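J.: Here's a structure for you.
The values are calculated or read from the model by the stated rules, or taken from the named source; none is laboratory data. Keep in mind that what you see is a predicted model, and the values were worked out from it rather than measured. Methodologically, a virtual Cβ is constructed for each residue, glycine included, from the backbone with ideal geometry; neighbour enumeration extends over all protein chains shown.
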């Protein structure tokens with residue numbers, strides 16, 4: 001007998017790890033709304049993104065995590081997201097291969113520039129370069145720090161391979 005999938009899920013991982021893709025798939029299969037934490041941290045405006053004030057950002061997150069079911073994806077190394085970790089029944093850590101992530105960053109940039117893929121931000125060369133820096137920083141600093149602390153270890157499911165991800169999605173069906 002299949003165990004029931006948790007209804008409060010936080011998906012973490014670096015740039016290009018597949019967080020948004022997985023969040024969309026789980027959201028569709030489980031009929032649970034999902035939120036991108038980038039859109040909680042930033043007010044998206046035509047004239048350019050503006051960082052939300054701390055109080056507003058925390059209120060937005062609180063509203064999400066107080067609902068009966070949710071999927072959030074994104075940021076995991078900032079204190080303001082800890083309430084999401086505390087309320088989550090499952091934290092999925094996408095530990096995708098470093099070179100795969102680099103390829104995905106390049107592919108995403110060109111697809112967004114050609115308007116073949118939607119973007120919540122303007123895909124500039126500056127952002128493109130920052131994504132590589134964030135990716136490297138994750139690999140060298142953030143990931144080792146997160147893993148050494150073993151935070152929320154009873155809730156964390158680490159996914160490193162496509163086969164593990166497919167197994168999770170098959171269990172949801």
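J.: Which of the residues spanning region 134-155 are more than 14 Å from the chain's Cα centre (by Cα) and modelled with pLDDT of 90 or more?
T.: Within region 134-155, 136, 137, 139, 140, 141, 154, 155 qualify.
J.: Could you grab me the full set of residues in region 7-24 that are outside any loop (DSSP other than H, G, I, E, B) and either touching a residue at least 24 places away in the same chain (Cβ under 8 Å) or buried (at least 22 other Cβ atoms within 10 Å of the Cβ) (or both)?
T.: 8, 9, 10, 11, 12, 19, 20, 22, 23
J.: Kindly provide the set of residues from region 52-75 that are touching a residue at least 60 places away in the same chain (Cβ under 8 Å), more than 15 Å from the chain's Cα centre (by Cα) and surrounded by 12 or more Cβ atoms within 10 Å (Cβ to Cβ), ordered by number.
T.: Hit for region 52-75 is 69, nothing else.
J.: Next up: Scan (1) in contact with a helix residue (DSSP H, G or I) (Cβ under 9 Å, 6 or more places away or on another chain); (2) touching a residue at least 24 places away in the same chain (Cβ under 8 Å); (3) more than 16 Å from residue 15 (Cα to Cα) for the single condition residue 116 breaks and write down its number.
T.: (2)
J.: Would you check which residues across region 121-160 are over 24 Å from residue 85 (Cβ atoms), assigned to a loop (DSSP other than H, G, I, E, B) and out of contact with any helix residue (DSSP H, G or I) (no Cβ under 7 Å at 6 or more places or on another chain) and list them?
T.: Passing the criteria: 122, 124.
J.: Tell me which of these residue 4 doesn't satisfy, since it passes every other one: (1) part of a loop (DSSP other than H, G, I, E, B); (2) surrounded by 15 or more Cβ atoms within 10 Å (Cβ to Cβ).
T.: Tallying (1) part of a loop (DSSP other than H, G, I, E, B); (2) surrounded by 15 or more Cβ atoms within 10 Å (Cβ to Cβ), residue 4 fails exactly one: (2).
J.: Which of the residues spanning region 25-51 are in contact with a strand residue (DSSP E or B) (Cβ under 9 Å, 6 or more places away or on another chain), surrounded by fewer than 17 Cβ atoms within 10 Å (Cβ to Cβ) and assigned to a loop (DSSP other than H, G, I, E, B)?
T.: 33, 44, 49
J.: Run residue 91 past the list (1) in a strand (DSSP E or B); (2) under 22 Å from residue 119 (Cβ atoms) and report the number of the one that doesn't hold.
T.: Result: residue 91 passes all but (2).
J.: Using the structure shown, decide if residue 75 is assigned to a helix (DSSP H, G or I) and either farther than 17 Å from residue 165 by Cα or modelled with pLDDT of 95 or more (or both).
T.: no
J.: Given the residues 99, 86, which is the only one that is within 27 Å of residue 168 (Cα to Cα), at pLDDT 95 or above, out of contact with any strand residue (DSSP E or B) (no Cβ under 6 Å at 6 or more places or on another chain) and surrounded by fewer than 17 Cβ atoms within 10 Å (Cβ to Cβ)?
T.: Being within 27 Å of residue 168 (Cα to Cα), at pLDDT 95 or above, out of contact with any strand residue (DSSP E or B) (no Cβ under 6 Å at 6 or more places or on another chain) and surrounded by fewer than 17 Cβ atoms within 10 Å (Cβ to Cβ) holds for just one of 99, 86, which is 99.
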